[in-house]
Amino acid sequence: MACANFSFTFLVLCSCFATSFIACHGFPVHHNNPFHHRRHPRFASHNYRDALTKSILFFEGQRSGKLPSSQRMTWRRDSGLTDGSTMHVDLVGGYYDAGDNVKFGFPMAFTTTMLSWSVLEFGGLMKGELQNAREAIRWATDYLLKATAHTDTIYVQVGNANKDHACWERPEDMDTPRSVFKVDKHSPGSDVAAETAAALAAASLVFRRCDPTYAKLLVRRAIRVFQFADKYRGAYSNGLKRFVCPFYCSYSGYEDELLWGAAWLHKATKNPTYLNYIQVNGQNLGAAQFDNTFGWDNKHVGARILLSKAFLVQKLQSLHDYKGHADNFICSLIPGAPFSSAQYTPGGLLFKMSDSNMQYVTSTSFLLLTYAKYLTSARTVVNCGGTVVTPKRLRTIAKKQVDYLLGDNPLKMSYMVGYGPRYPQRIHHRGSSLPSIATHPGKIQCTSGFSVMNSQSPNPNVLVGAIVGGPDEHDRFPDERSDYEQSEPATYINAPLVGALAYLAHSSGQLEVLAASPIC
């Protein structure tokens, strides 16, 4: 996945005024960049600040649409400029989810929610990166507003995934059908709709201070979209199965998203209607399920943690049960504790499944750090059948997972592209693997790129900050471009890690907290 000459395209060095949060500038950089050689504060296992910068920069490499003059991932160019035209709607913009050229609304909305949650919990620690994180969120919300412009309709996908996957071409060249797929009252999609509502509601909190007009637009749209999700119930992969499965099938159903969406709307609006909705429907929507997976499809655990804050920090007694539900999740992760069920590799990595396992590592690390924050605020702990688990223990577990991802593993490999001396060179990503427009202006035809995909040559364009699917259950990683399960990056892998890295960078002294740092 790295350049043929093993040099970065660039790295972002931040030089931001503390109080104004001026956007950072990008500079070319090579392996001997100054971030790797500056003195790290004591106890820091890694340069978390550098990793934070790169984890956000990655999203610029996934952008679709007309790229701004501030674009720092300079090997990317404009793409998808007619998206939506077949349905006479404007669907230009948004993100490609992973290594292909399709815009899937379900994982894009979850990515937006998690980027927003990262900023809401840890944005005050991000210093100059806060502006970049907000821009990454806004690139998504601008698109989600377009996708929800029509009442009781959500455009949930642009591009035919089966036809897209039959090609290996740059997004700038793509000539596969930009088919548009939607959900409406005749073919509902409560899961994708409620996740979209959650994304808009969470983002409204991010922009509440710095752009109140935009924030109000986001929350009004979130309310309308959630009403649609709740009124017309059904899984979106029922009506759109041929087009969204097996890529982003709704395996967990839509109940978890309804609870998750209501939780975010309660947080964003403080309207008692949503608290009542949660109280009345929580059990039916699976609030107490012992399902300990959290990712783009399954929101049960995230909803438990989010709602536990309302009890622990805001003292909403009616949500007391969510503390117990959140504790059950925590206990499942503690090695050796009663009720522990999590699997770890010999090297210590949380292992949930072979396909894109790192998404569960990043989402779980974020939840551990976030719940530790809530527990600390409430001055309480988790009791796992007599084993007391403190917030410090949760932070230690999360740090170990992030450190593994950044290179503390049997292979001594960073699973974040562009971070550290050794990282994946052949990631499963079309735009990164093919020559850029700058070096190869001519069109690369649909199937022509497969010769590159099947080769052993390193990717010529470094998708800085991309986190790949990661090693297998035995800590093995072949670094093969064709191995999408282990070598493909995705936006929803990075999004939760942004918050975790901000916390770790601050706690290790690499980021000084600004006095009374605002979210905006």
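Any residue at all in region 306-317 that's touching a residue at least 12 places away in the same chain (Cβ under 8 Å), under 23 Å from the mean Cα position of the chain (by Cα) and closer than 30 Å to Y484 by Cβ?
Taking every residue of region 306-317 in turn, none turns out to be touching a residue at least 12 places away in the same chain (Cβ under 8 Å), under 23 Å from the mean Cα position of the chain (by Cα) and closer than 30 Å to Y484 by Cβ.
What residue, among those in region 77-91 that are touching a strand residue (DSSP E or B) at 6+ places or on another chain (Cβ under 8 Å), modelled with pLDDT of 95 or more and open to solvent by 10 Å² or more (accessible area, probe 1.4 Å), is nearest to M174 (Cα to Cα)?
The residue in question is G80.
Out of the residues in region 335-353 meeting the condition of being open to solvent by 30 Å² or more (accessible area, probe 1.4 Å) and among the aromatic types (F, W, Y), tell me which one is nearest to V388 (Cα to Cα).
F339
In region 306-342, which residue that is in a loop (DSSP other than H, G, I, E, B) and polar (S, T, N, Q) is farthest from N383 (Cα to Cα)?
Per the stated criteria, the residue is Q314.
Of the residues T396, T370, T380, which single one is buried (at least 17 other Cβ atoms within 10 Å of the Cβ) and among the polar types (S, T, N, Q)?
The unique qualifying residue is T370.
Quick one: count up the residues across region 68-87 that are within 17 Å of K146 (Cα to Cα) and part of a loop (DSSP other than H, G, I, E, B).
The number of residues fulfilling the criteria is 5.
If you take the residues of region 164-181 that are out of contact with any Pro (no Cβ under 9 Å at 6 or more places or on another chain) and of a type in the set (D, E), which of them is most open to solvent (accessible area, probe 1.4 Å)?
D175
In region 142-163, which residues are open to solvent by less than 40 Å² (accessible area, probe 1.4 Å), in contact with a Lys or Arg (Cβ under 9 Å, 6 or more places away or on another chain) and assigned to a helix (DSSP H, G or I)?
If the condition is that a residue be open to solvent by less than 40 Å² (accessible area, probe 1.4 Å), in contact with a Lys or Arg (Cβ under 9 Å, 6 or more places away or on another chain) and assigned to a helix (DSSP H, G or I), then Y143, L144, L145, A147 are the ones that fit.
Tell me, which residue of region 446-492 that is surrounded by 17 or more Cβ atoms within 10 Å (Cβ to Cβ) and among the polar types (S, T, N, Q) is nearest to the chain's Cα centre (by Cα)?
The extreme case among them is T491.
How about region 293-334: which of its residues are open to solvent by less than 10 Å² (accessible area, probe 1.4 Å) and touching a strand residue (DSSP E or B) at 6+ places or on another chain (Cβ under 7 Å)?
I330, C331, I334
If I go through region 100-141 residue by residue, how many of them are assigned to a helix (DSSP H, G or I) and in contact with a His (Cβ under 7 Å, 6 or more places away or on another chain)?
Total meeting the criteria: 1.
Check region 182-198 and report whether any residue there is part of a helix (DSSP H, G or I) and open to solvent by 10 Å² or more (accessible area, probe 1.4 Å).
So far as region 182-198 goes, no, none of its residues is part of a helix (DSSP H, G or I) and open to solvent by 10 Å² or more (accessible area, probe 1.4 Å).
Of the numbered conditions (1) buried (at least 24 other Cβ atoms within 10 Å of the Cβ); (2) part of a helix (DSSP H, G or I); (3) within 15 Å of the chain's Cα centre (by Cα), D97 satisfies every one except a single condition; which is it?
Failed condition: (2).
The values are calculated or read from the model by the stated rules, or taken from the named source; none is laboratory data. As the structure is a computational prediction, the values presented were derived from the model and not from experiment. Heads up, the Cβs are rebuilt from the backbone with ideal geometry, glycines too, and the neighbour counts pull from every protein chain shown. Side chains are part of the model used for accessible areas, which takes the heavy atoms of the whole protein and leaves out ligands, DNA and RNA. Shrake-Rupley method; radii C 1.70, N 1.55, O 1.52, S 1.80 Å.
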